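Below: one structure, written as structure tokens.
Please treat every number below as a calculation from the coordinates, not as lab data. Because the structure is a prediction, the values reported are computed rather than measured. So basically every Cβ, Gly included, is an ideal-geometry build from the backbone, and we count neighbours across all protein chains shown.
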Amino acid sequence: MTESSVLDVDTSPPAPLCEACKGFVDGLIAWGFKEPSDLQSAPPSGPSSRWGRSEAQSHFEHYGTPEEIIKSAESCSLCRLILDLFEPGDVKDMTGLILRPWHGRGHGWPQTHGIRTQLKFKDTFARTDNYRPEPVRLLRVSRILPYTHPVPEEEDKKPYFERDVPESAMSQDCLNTIRVWFKDCAENHPKCHPVGRSSVLPTRVIDIGIGADDMPVLYVSRGEKAPYAALSHCWGGYVPLKTTKENLDAYRGGLPAHQLPRNFQDAILVTRVVGLRYLWIDALCIIQDDPEDWAAEAERMAATYRSSALTISALNAAAPDAGFLGPRAQKSVLIANPGRVVINSFRQGFSDAMEESILSTRAWCMQERLLSRVILHFGRDQMYWECCTNTAEENRGSSVYNQERLNKPSKVSYQSGNHRTPAFADARKEFHVSGPENCWLTAVEEYSHRNLTFRRDKLIAIAGIANLVRAAARSKGGACSYIAGHFMGGGYHFVSSLFWSARLKLLGEVKLPDGTTGMDVLTRSDDNYPSWSWASVDGDVEFHGFSVENDDVELLDVKVTVGFDDVMAERVEARLKLRAAIIKAPYNPAWRWLGEEIAGTIFPIASCVVLDVDRFRQRDYWILPTETHGILVMDEVKPRVFRRVGWAKHEEPPPGLVPHLAKIRYLVREFELI
């Protein structure tokens, strides 16, 4: 069957449109869905005066008042689709709607990848919220292929191709896709299954039986080997059904199927679809009111997820009863046929789905994803496959990333800016293919972005990864110790890992009392961990130059009185004895720099100062500069005893200042960091 005949199978007529939407669609069709160099080269029918150019890009002026688009949305499906992108409060003050149909060109995207929708207001600045930009709200022009048809690789010559994804994940097409992905991985991906079907069952699993009507039971394993699935989900504060000391024996005789939350029922169905008999769900397989059992199973968490044949990831199920196999969120409007060209709500790609999901906000779920070799993600509008060899999207039906790149992962480095999700995806593959040694700080950066219900779990919720990293380092010979989230020995640069800060490019702007702006950074809610540890703060952190050792700082001694080498420590007391060149410097919160007085003049020596605490108070701090890692900012709590309070970037030397002159006042001292 030829491509044209495949696309012409659906003979449905295009949707009826209002005058404004028809003018917009006619323009897209007249120009072949590619941005013209001259808007008059193929004038669209209808009110062509609505087309114009701004910001070096063509745009379309839609309706000018909220009343017009709200009224039109009653009968025009495209207006309805546009209106659904915005909150009601966003639209009520608008003075115009602009559509930019070639949003994203020049960034490696297909030319019609995105239609950016923007509202205009009388006072644009008044609509901004403390310097936060208006969210990018996108639609997409797509050419829909049958679900079983492969997606062409040459997308730049035509509208964006995607498969006709079913409206519900319960459809047979979706279930067949799950089977195909799982079978292909099991048979053709040796990197994904070094354990797989020969793995030892966890302490308890749910035995779902071999028939569709079999009653699931809680099974206590005896060390036997069998493949099993595991569920990664959000508890949402309350789980209506969980295992306790009281109901343990009853559940071993059979689980009350009619009382199981939707997430658990959906996970059982997916487990049956791929032909597995056993399923691990934390709420049912850990005795929730038994602290000893909980602690033991939490320590085994790494093995549980790492050995699962499949991890089922409910990305956007906010609570156990939400379910993840229901209707999808995407909507579309057919604008041209033959050809099945639609304008649809922007279906999330793999990276966006991972970054914006509910699971990505949960700290416990981070290690579940990192440790799992094979994952089936259920998103808001499609499924995603992620294993050690391949990553795929349901609407594309093929790999998202190049196969050769995944088979030969590059060295993982720390994350930069807002590229957290791709860096973490690479780290996950590196973790399983090459070993966990190079992934620790990247994992910490991802972990710090997420939320914990109980702060006492700060190290516990990442303990499974820490255990594997430490074991891998020790297996290569030499000592390796773990102190408050930092590794010492085993090839790890302990001193370098002390140079962390709030994530610079994700900092919001807040008003200072004098009307200037300052950076909104981290919070330190208790003293359960040393100030030098990333575990002492809550919020996004990033590390600076940890790939090499820090020659500017000498570690003389480490004294740990509580929590030494304990990956599950709820409290750590540790003091570092260091030798380094340090100097006292005045901090100006309005200018956000630290200075140094030379010949009666204050020179800025550190810019972009990111303090963890007291960031709006002008005072003197002590700074420890390094050549490659930035500047550690410290507060002297008593003579030669300091607490870490922040980090700063180097300032370029002022013109005419002899470089060595600035170092005259630095003192090489021995001191303690607590």
Can you give me the long-range amide H partners of GLY490? Hydrogens built in the peptide plane at 1.01 Å from N, cutoff under 5 Å, separation of 5 or more residues or another chain.
ALA479
Inter-site label distance for PHE616 and THR628 at 7 Å from Cα along Cβ, in nm
3.9 nm
Using 0.36 nm per residue, how much length does the chain from LYS183 to THR244 gain when fully extended, once their Cα-Cα distance is taken away?
18.4 nm
Mind giving me the FRET efficiency for ALA56 and GLN330? R0 is 35 Å, r the Cβ-Cβ distance, nearest 0.05 is fine.
0.70
So if each residue of separation counts as 0.36 nm, and I subtract the Cα-Cα distance between ARG80 and LYS191, what length gain in nm does that give?
35.3 nm
What is the gain in length, in nm to one decimal, between ASP93 and GLN265 on full extension, counting 0.36 nm per residue of separation less the C-alpha to C-alpha distance?
57.4 nm
Once the Cβ-Cβ distance between GLU224 and GLU636 is put in as r, and R0 is 51 Å, what FRET efficiency do you end up with, to the nearest 0.05?
0.30
Could you order peptides 423-431, 285-293 by the average number of other Cβ atoms within 10 Å of their residues, highest first?
423-431, 285-293
Taking TYR147, TYR238 and counting other C-beta atoms within 10 Å, the order from fewest to most:
TYR238, TYR147
So for the pair ASP214, SER49, with labels modelled 7 Å out along Cα→Cβ, what separation do we get in nm?
7.2 nm
When the Cα centres of region 248-295 and region 162-181 are compared, how far apart do they sit, in Å?
25 Å
What residues of region 206-220 lie in the reach of a label at THR453, counting those whose backbone N is under 16 Å from a point 7 Å from the Cα along Cα→Cβ?
none
How high is the relative contact order of region 173-408, in percent, with contacts defined as C-alpha pairs under 8 Å that are six or more residues apart?
21 percent
